[in-house]
Amino acid sequence: MLLAVVLVGVACGGGDDGADATASAGATLSAASVDCSGLGLTAPERIKSAGKLLVASDLSYAPIDFVKAGTNEPIGLDADLARCIAQAWGVELQIQNVSFDTIIPALTGSKADVIMSAMTNTEERRKTVDFVDYFVAGSGILVRSGNPDGIESLASLCGKVVAIQVGTIQIEEAETQNASCTDKIDVQTFEQNTDTIQAVSSGRAAAALMDFPVAAYTAANVSGTEVVGEQYDTAPYGIAVRQDDKTVSEALAAAITAMRSGGQYDAILAYWNLEAGKLP
């Protein structure tokens with residue numbers, strides 16, 4: 001029920017490119033016992049001068065990126081990691097809610113300092129942005145409870161309606177599978193992942209493809225859904241940075257290393273029950 005409230009709130013407001021959700025550097029992390037102020041890090045000069053770290057994120061992807069029920073406060077794995085970095089750097093954190101299909105242009109157009117939005121580090125994206133890896137995840141298949149269409153794998157999706165968020169790697173996965181399908185997958189795209197979940201739960205789609213941690217979290221919290229099979233196509237998530245912003249990339253890599261050594265990284269992943277995605 002709680003997640004249902006969250007999903008409704010995000011679905012109504014999460015697609016507005018440029019909408020701000022601001023949290024101060026001293027704001028309490030969701031993983032409340034985590035203190036990042038003593039990591040001994042220094043902010044990149046540009047961010048230090050601005051006094052803030054501006055992060056672009058699509059807040060429709062629980063438990064990685066979403067909002068606290070009844071508020072505009074960003075929560076989730078990415079928000080907590082970003083708050084930890086901002087706190088360690090001694091700057092304010094501002095999270096912009098940006099639809100995923102426009103999030104890279106928002107970064108390259110200097111509307112944000114970085115992207116933290118469950119973004120898989122792919123060869124295609126590396127043509128445009130640089131990445132600092134921080135998590136590992138694969139894709140998963142969400143279906144209605146009881147799996148009435150008997151879906152077991154990507155191959156089972158041939159001839160069926162499948163819901164996928166625009167701009168995600170799951171679009172490419174479905175297109176690759178379609179090359180082997182006699183009856184093609186009918187891919188229905190949505191601006192927000194919350195809409196793909198609704199398409200499955202309402203029966204308008206036989207399945208939805210999304211990152212496995214998000215599918216698993218949905219199945220555990222949204223009535224009428226379940227995950228079939230194991231995760232596939234495992235790859236790292238990366239913090240995306242402009243290619244001409246090397247000092248920021250280096251500072252972020254140092255921050256992730258310090259958080260891993262100091263225990264903050266493990267504590268945040270444990271809070272969200274995402275230890276399985278820990279960097280090797």
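Since every read-out is calculated from the coordinates, none of them should be taken as a lab result. Here the structure is a predicted model, which means the values were calculated and not measured. Backbone-built Cβ (ideal geometry, glycine too); neighbour counts: all protein chains shown.
Ranking 189, 261, 37 by Cα position along the charge dipole of the chain, where only Lys, Arg, Asp and Glu carry charges on their C-beta atoms, puts 37 farthest toward the positive end.
Applying 1/(1 + (r/R0)^6) with R0 = 30 Å to the Cβ-Cβ distance of residue 33 and residue 111 gives a FRET efficiency near 0.35. About its Cα centre, the dipole of the chain is roughly 420 debye, where the only charges are +1 on Lys and Arg Cβ and -1 on Asp and Glu Cβ. Within the shell defined by Cβ-Cβ distances under 14 Å, the residues around residue 265 carry a net charge of -3, with Lys and Arg each +1 and Asp and Glu each -1.
Assuming charge only on the beta carbon of Lys and Arg (+1) and of Asp and Glu (-1), the dipole of the stretch 138-234 about its Cα centre is about 280 debye to the nearest 20. Considering helices alone, the calculated mean residue ellipticity of the chain at 222 nm is -9500 deg cm²/dmol, with DSSP H runs of length four and up weighted by -39500 (n - 2.57) and normalised per residue. The packing ranking of peptides 86-95, 58-67, 157-166, highest mean first, is 58-67, 86-95, 157-166, where packing means the average number of other beta carbon atoms within 10 angstrom of each residue. Placing dummy labels 7 Å off each Cα toward the beta-carbon, the span from residue 152 to residue 235 is 2.7 nm. If R0 is taken as 51 Å, the Cβ-Cβ distance between residue 126 and residue 202 corresponds to a FRET efficiency of 0.85.
Using a cutoff of 8 angstrom between alpha carbon atoms and counting only pairs six or more residues apart, the relative contact order for the chain works out to 25 percent. Candidates 224, 212, 166 compared by Cα position along the dipole of the stretch 138-234: farthest toward the positive end lies 224, with charges placed on Cβ. Considering every alpha-carbon pair of the chain, the percent of pairs per 5 Å bin, from zero through the bin containing the longest distance, is 1, 6, 13, 18, 19, 17, 12, 7, 4, 2, 1, 0. Pairs of Lys residues in the chain that lie 8 or more places apart, or on two chains, and have C-alpha atoms under 25 angstrom apart add up to 12. Looking at the stretch 138-234, the DSSP beta bridges with both ends there are about 55 percent antiparallel.
Ranked by the mean number of other Cβ atoms within 10 Å of their residues, highest first, the peptides 249-257, 75-83 fall in the order 75-83, 249-257. For a paramagnetic label modelled at 7 Å from the Cα of residue 243 toward its Cβ, which residues of the stretch 114-139 fall within the zone defined by backbone nitrogen distances under 20 Å? What the label zone holds, given the 20 Å backbone N cut-off, is 114-116, 119-133.
Decide, for the stretch 138-234, between rounded, prolate and oblate: order the square roots of the alpha carbon gyration tensor eigenvalues as a ≥ b ≥ c, take rounded if a/c falls under 1.5, and otherwise choose prolate if a/b is larger than b/c, else oblate.
Since a/c stays below 1.5, the shape of the stretch 138-234 is classed as rounded.
On full extension, the segment bounded by residue 45 and residue 182 gains 43.8 nm, given 0.36 nm per residue less the C-alpha separation.
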